[in-house]
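What follows is a short report on a single structure.
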Amino acid sequence: MIRTRGFTGRSRANADEQRVPPGQYVTDDFPVLSAGPTPHTPLDRWTLALQDGGSLVGKWTWEEFQALPQTELTVDIHCVTKWSKLGTVWEGVTIDDLLAAAGLEEPSAPHLMAHCDGGYTANLPLEDLLDGKGLVATRFDGEPLAPEHGGPARLLVPHLYFWKSAKWVRRLRFMEHDEPGFWESLGYHIYGDPWREQRYDGD
Amino acid sequence: MSSATTAIEAPPAGAAARRLAWRQAEVVERIAETPRATTLVLDVPDWPGHLAGQHVDIRLTADDGYQAQRSYSIASPPEVPRLALTITRLERGEVSPWLVDEARPGDRFELRGPIGGYFAWSVAAGGPLLLVAGGSGIAPLMAMLRHRAASGEAGRAVPARLLFSSRSYGDIIYREELERLGSAPGGLLIVHTLTHERPPPGWRGHARLIDSPMLAEVGFPPAAAPKVFVCGPTPMVEAVAEAVVSLGHDPGRVKTERFGATGGR
């Protein structure tokens, strides 16, 4: 570690090491980061699909999705670009409820790839989405999720870096073996735990 | 043929990933670009090289061990051994005020990279190249233009256009260098627009926010299938990316990078 002459940093009074992972700073804004243009899929053409191997094991239209049990989560989120936002309120359908609605008692494979409008993908261990840990979120802060933040629906997996919470999600595909998604193929960490500062490959 | 294919494949699964190591960067020069933006030229021993468009993470450490990390785009091209970062001072910022106002030659901090391989371009990838920048979003696009200029004939063979939005004439980062690049022979067109202040007399650029007609006028037609890179503040990037797609460009060829006004940089 080298000291930086003349750098003092922010007041330490508000630093909450229990709540803010290493290398992160807290912001009140909601920055936008996406690799390309924001897609705008009309709700009457929106569907969410569950795919296992070559078969579709579940598919919901927007109306059908809204009729599933809705869960509200208040969580802290952590972006790999260093900002964290505390106490964010989301609403959507848990992956548990989604699997139940598809009649899947047991997940059929240990990994999952989220496929999104615009071609974005993110890989996750299924375990990280179960027991209420993962949501397909359609509302933020009491309002419909804005397109630039991933609306109409994005994945929400708050205990991993936020690129795993894939925007504009349309299809969840079970995988027997882990595969890298979009950023994971471009040098970012395959798992992405902010508390272990797993930003990049090899961290 | 098969060996050539093998050579570009990813390392075998299970190969130990090499950690992106923190390196010591030393400030060797500071260049005042505008009242709010400064370029720091850094000596980074054993820098592994980068692609134009990539960024680095930097980490500053206070006397009591407190650390702050931020990401900044690299403004220098791969051809130049020293790294240049151009930083704009953010109000209420924690790291940018130190970098813009405090950092002096001889100061050292930690840096690791290069990071990000998507928002990146090299002459080998070809063109045409349409670059759209807002404010300090010019930095990674400048790395591309500098790389193109450093690539001689191959660079000049890539038609390129830059549409650059700045608040005022005095806020145009790299203004003189851009003038030189734009007036050199070789297929680069640079168009400015000023958004917050009346342009000076004789101004030949635009004086409004970037919009669809401006992009249609400056950019290439969709049939030319340009590679489009957009970097700037979020509202500008959202508006430009949307307009470019509405003009008929393939969204898959539009790459965006944003810096949010998070008050944190």
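Observations
- Selection count, segment A:179-192, where residues are charged (D, E, K, R) and either part of a strand (DSSP E or B) or surrounded by fewer than 17 Cβ atoms within 10 Å (Cβ to Cβ) (or both): 1
- The residue that is surrounded by the fewest Cβ atoms within 10 Å (Cβ to Cβ), among those in segment B:85-100 that are out of contact with any Lys or Arg (no Cβ under 7 Å at 6 or more places or on another chain) and not in a strand (DSSP E or B), is B:GLU91.
- Candidates in segment B:57-84 are the residues that are in a strand (DSSP E or B) and more than 24 Å from A:VAL26 (Cβ to Cβ); of these, the one that is farthest from the other protein chains (Cβ to nearest Cβ) is B:ALA84.
- Segments classed as strands (runs of 3 or more DSSP E), wholly inside segment A:1-96, with at least 2 members that are without any contact (Cβ under 8 Å) to a residue 12 or more places away in the chain and over 27 Å from B:VAL230 (Cα atoms): A:55-61
- Evaluating B:PRO200 against the criteria (1) more than 14 Å from chain A (Cβ to nearest Cβ); (2) in contact with a helix residue (DSSP H, G or I) (Cβ under 6 Å, 6 or more places away or on another chain); (3) surrounded by 15 or more Cβ atoms within 10 Å (Cβ to Cβ) leaves one unmet condition, (3).
- Test set (1) outside any strand (DSSP E or B); (2) within 14 Å of another protein chain (Cβ to nearest Cβ) - B:ARG112 fails condition number: (1)
- A:GLY187, sole failed condition from (1) more than 24 Å from A:GLU63 (Cα to Cα); (2) away from chain B (no Cβ under 12 Å); (3) touching a Phe, Trp or Tyr at 6+ places or on another chain (Cβ under 7 Å): (2)
- Given (1) more than 13 Å from A:PHE174 (Cα to Cα); (2) surrounded by fewer than 17 Cβ atoms within 10 Å (Cβ to Cβ), index of the condition A:LEU145 fails: (2)
- Test: residue in segment A:75-95 that is within 8 Å of chain B (Cβ to nearest Cβ), farther than 20 Å from A:CYS116 by Cβ and either of a type in the set (A, V, I, L, M, F, W, C) or under 15 Å from the mean Cα position of the chain (by Cα) (or both): yes
- Taking segment B:176-197 as the range and being within 19 Å of the chain's Cα centre (by Cα) and either surrounded by fewer than 16 Cβ atoms within 10 Å (Cβ to Cβ) or under 25 Å from B:GLY126 (Cα atoms) (or both) as the test, the residues that pass are B:GLU176, B:GLU177, B:LEU178, B:GLU179, B:ARG180, B:LEU181, B:GLY182, B:LEU188, B:LEU189, B:ILE190, B:VAL191, B:HIS192.
- Scanning segment B:220-256 for residues that are touching a Pro at 6+ places or on another chain (Cβ under 8 Å) and either among the charged types (D, E, K, R) or modelled with pLDDT under 95 (or both) turns up B:LYS227, B:THR234, B:GLU242, B:ASP250, B:ARG253.
- Residue within segment A:123-135 that is surrounded by fewer than 23 Cβ atoms within 10 Å (Cβ to Cβ), assigned to a loop (DSSP other than H, G, I, E, B), modelled with pLDDT of 95 or more and in contact with a strand residue (DSSP E or B) (Cβ under 8 Å, 6 or more places away or on another chain) present: yes
- Boolean, B:GLY170 is more than 14 Å from B:VAL230 (Cα to Cα), surrounded by fewer than 20 Cβ atoms within 10 Å (Cβ to Cβ), under 18 Å from the mean Cα position of the chain (by Cα) and not charged (D, E, K, R): no
- Filtered residue count, segment B:17-34, keeping only those that are more than 14 Å from B:GLU102 (Cα to Cα) and under 19 Å from the mean Cα position of the chain (by Cα): 2
Conditions (1) hydrophobic (A, V, I, L, M, F, W, C); (2) loosely packed, with under 14 Cβ neighbours inside 10 Å; (3) at pLDDT 95 or above; (4) not in a loop (DSSP other than H, G, I, E, B), marked per residue:
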{"residue": "B:PRO12", "(1), (2), (3), (4)": "no, yes, no, no"}
{"residue": "B:ALA15", "(1), (2), (3), (4)": "yes, yes, no, no"}
{"residue": "B:LEU20", "(1), (2), (3), (4)": "yes, no, no, no"}
{"residue": "B:ALA25", "(1), (2), (3), (4)": "yes, no, yes, yes"}
{"residue": "B:ILE31", "(1), (2), (3), (4)": "yes, yes, yes, yes"}
{"residue": "B:THR34", "(1), (2), (3), (4)": "no, no, yes, no"}
{"residue": "B:THR39", "(1), (2), (3), (4)": "no, no, yes, yes"}
{"residue": "B:GLY49", "(1), (2), (3), (4)": "no, yes, yes, no"}
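- Matching residues, segment B:235-254, being surrounded by 21 or more Cβ atoms within 10 Å (Cβ to Cβ) and of a type outside the set (A, V, I, L, M): B:HIS249
- A:LEU99 fulfils the conditions (1) crowded, with 19+ Cβ neighbours inside 10 Å; (2) without any contact (Cβ under 8 Å) to a residue 60 or more places away in the chain; (3) away from every other protein chain (no Cβ under 14 Å); (4) within 15 Å of the chain's Cα centre (by Cα) except for a single criterion, (4).
- Residue check for B:GLY134: closer than 20 Å to B:PRO226 by Cα, out of contact with any helix residue (DSSP H, G or I) (no Cβ under 9 Å at 6 or more places or on another chain), at pLDDT 95 or above and of a type outside the set (A, V, I, L, M): no
The values are calculated or read from the model by the stated rules, or taken from the named source; none is laboratory data. Given the structure is predicted, the values throughout are model-derived calculations rather than measurements. For neighbour counting, all protein chains shown are included, and Cβ atoms are generated from backbone atoms with ideal geometry for every residue, glycine included.
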